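Data block below; observations after.
The values are calculated or read from the model by the stated rules, or taken from the named source; none is laboratory data. A quick note: this is a predicted structure, and the numbers were derived from the prediction, not measured. When we count neighbours, we look across all protein chains shown, and the Cβ atoms used for this are built from the backbone with ideal geometry, even at glycine. Calculation scope for accessible area: heavy atoms of the full protein, side chains included, ligands and nucleic acids excluded. Shrake-Rupley method; radii C 1.70, N 1.55, O 1.52, S 1.80 Å.
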Amino acid sequence: MTRMYFASLFLTFCLAAGMPVRAANNSSFALRDGDRVMFYGDSITAQRFYTRFAEDFVVSRYPKLRISFFNAGVSGDTVEGGHAGDMETRVTRDVAPMHPSVVTIMLGMNDGHYTTEDEKNFRDYAVGYRKLIATLRAEVPGVRLLLICPSPYDEVAHPPAIEGYNSVMIRYGEFVAELGKEEKIPVVDFNHPMASAVARGMQIDRVVAGSLLPDRIHPSPAGHWILAAALTKGWNLDPVVSSASIDATTGAVGDQHNTAISDVHTTPEKVSWTELDQDLPLPLELNDPVAHFLFEASDLAAMNRQMLRVSDLTGSTYSLSIDGKKIGVFSREELNAGVNLALYSTPMEEQAKSIDWTSDDRSRISGARFSLLTEKEDDPTRQQAIEALDRLDRNMIDDEYKSAQPKPHVFELVRVGEQ
């Protein structure tokens with residue numbers, strides 16, 4: 001399937017749903033300027049992928065805010081803790097000193113102990129989860145929590161090694177959802193979006209679908225994009241990067257959502273303009289077929305819409321370039337309906353990749369820092385090394401936001417084919 005197909009497919013979705021409109025400072029977005037977000041969880045969090053991609057989502061979509069992200073995931077962890085310390089140790093050592101304003105909790109996979117005989121395990125999970133929440137609130141006064149229903153144990157793309165174990169994860173997720181209502185804490189579900197993507201993906205490409213949860217438990221990087229989309233949707237992140245509409249005959253500018261259009265020039269053969277979007281599309285590897293698999297199997301493309309609509313064109317086919325780079329060739333009908341530029345390699349998408357390069361580097365620093373914190377307690381130089389890493393991390397956050405700032409781009413739409 002071609003990118004043009006996906007552009008048309010998700011354009012249809014956008015038009016059917018209606019374009020949301022937000023101001024530059026989206027008051028409904030759950031995160032705030034200055035927030036420090038801590039991801040607390042087990043090995044799925046410790047993979048540092050959905051956390052990194054959530055950072056990509058937020059920094060690319062809200063470059064005028066300053067939000068920092070930190071990871072406290074530990075392999076094998078449960079609500080009671082694990083090999084890196086019990087829960088109280090984890091909270092006082094790993095979380096509280098970072099002074100987070102937001103903490104997400106994603107635990108459950110290990111709490112089921114990989115058996116369906118789970119009554120005692122379930123009771124321990126419920127008691128331990130409540131205790132974890134109380135401890136976080138006591139140690140980090142004023143913290144805003146977000147609970148995440150456990151991601152799935154795959155029994156669709158792989159023959160189950162533990163038949164029925166995802167039912168345990170679903171039960172745990174139902175408990176988390178009820179606990180969120182009880183404690184007035186927002187809840188995001190990781191199980192259903194991932195399981196649904198695997199199930200839909202099996203109808204598209206069974207091999208790729210099987211790669212989303214290759215060991216049934218830990219998502220691949222592609223699978224983590226699905227989790228990041230679910231998380232940021234739960235934060236009410238605006239799914240629209242930008243949208244713009246231009247009349248090719250008059251040069252009149254219509255919709256300008258999250259963008260500014262200027263210097264519009266029109267002739268029968270060409271339409272050109274300058275566009276300054278307030279944010280950026282996601283830094284996806286658009287040459288990778290797996291990205292397009294995700295667009296069809298999950299909600300990822302629906303959370304990444306950079307819409308361009310040009311009406312009243314006289315020719316049948318047009319070539320679009322941005323800053324002199326050819327982006328694609330589109331029919332009059334496609335341009336009239338709208339094209340999702342986030343599904344194409346553009347200068348804006350290339351700029352967004354610099355955000356991901358930095359967030360990737362930050363995730364490596366985070367892993368090194370966490371190892372020093374939890375495994376090098378007797379090393380006399382440990383604190384000095386941690387402080388050096390923290391300084392480097394702060395500088396990298398500065399670089400990340402500098403690279404995310406909006407830049408103007410020159411668009412040219414030139415008639416091709418018959419005259």
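Side notes on the structure shown:
- The set of residues in segment 167-211 being surrounded by 21 or more Cβ atoms within 10 Å (Cβ to Cβ), farther than 21 Å from THR104 by Cβ and touching a helix residue (DSSP H, G or I) at 6+ places or on another chain (Cβ under 7 Å) consists of VAL198, GLY201, ALA209.
- Selection count, segment 99-126, where residues are over 23 Å from GLY164 (Cα atoms) and surrounded by fewer than 15 Cβ atoms within 10 Å (Cβ to Cβ): 1
- Of the numbered criteria (1) under 30 Å from ASP33 (Cβ atoms); (2) under 23 Å from the mean Cα position of the chain (by Cα), the one GLU387 fails is (2).
- Scanning segment 161-183 for residues that are under 20 Å from VAL102 (Cβ atoms) and under 24 Å from the mean Cα position of the chain (by Cα) yields a total of 3.
- Residue in segment 334-351 that is in a helix (DSSP H, G or I), touching a Leu at 6+ places or on another chain (Cβ under 6 Å) and among the small types (Gly, Ala, Ser) present: yes
- Some residue of segment 389-407 being small (Gly, Ala, Ser) and over 22 Å from PRO239 (Cα atoms): no
- Only residues that are open to solvent by less than 10 Å² (accessible area, probe 1.4 Å) and under 18 Å from THR45 (Cα atoms) were counted across segment 230-239, and they come to 3.
- Subset of segment 291-327 that is part of a loop (DSSP other than H, G, I, E, B) and farther than 29 Å from HIS224 by Cβ - its residue that is least open to solvent (accessible area, probe 1.4 Å): GLY315
- Tallying residues that are farther than 15 Å from PHE175 by Cβ and not in a loop (DSSP other than H, G, I, E, B) within segment 144-163 yields 3.
- Of note, SER242 satisfies the criterion of being within 28 Å of PHE69 (Cα to Cα) and crowded, with 22+ Cβ neighbours inside 10 Å.
- Qualifying residue in segment 247-256 (condition: assigned to a strand (DSSP E or B), modelled with pLDDT of 95 or more and open to solvent by 10 Å² or more (accessible area, probe 1.4 Å)): yes
- Hits in segment 376-413 - residues which are buried (at least 17 other Cβ atoms within 10 Å of the Cβ) and in a strand (DSSP E or B): HIS409, PHE411, GLU412, LEU413
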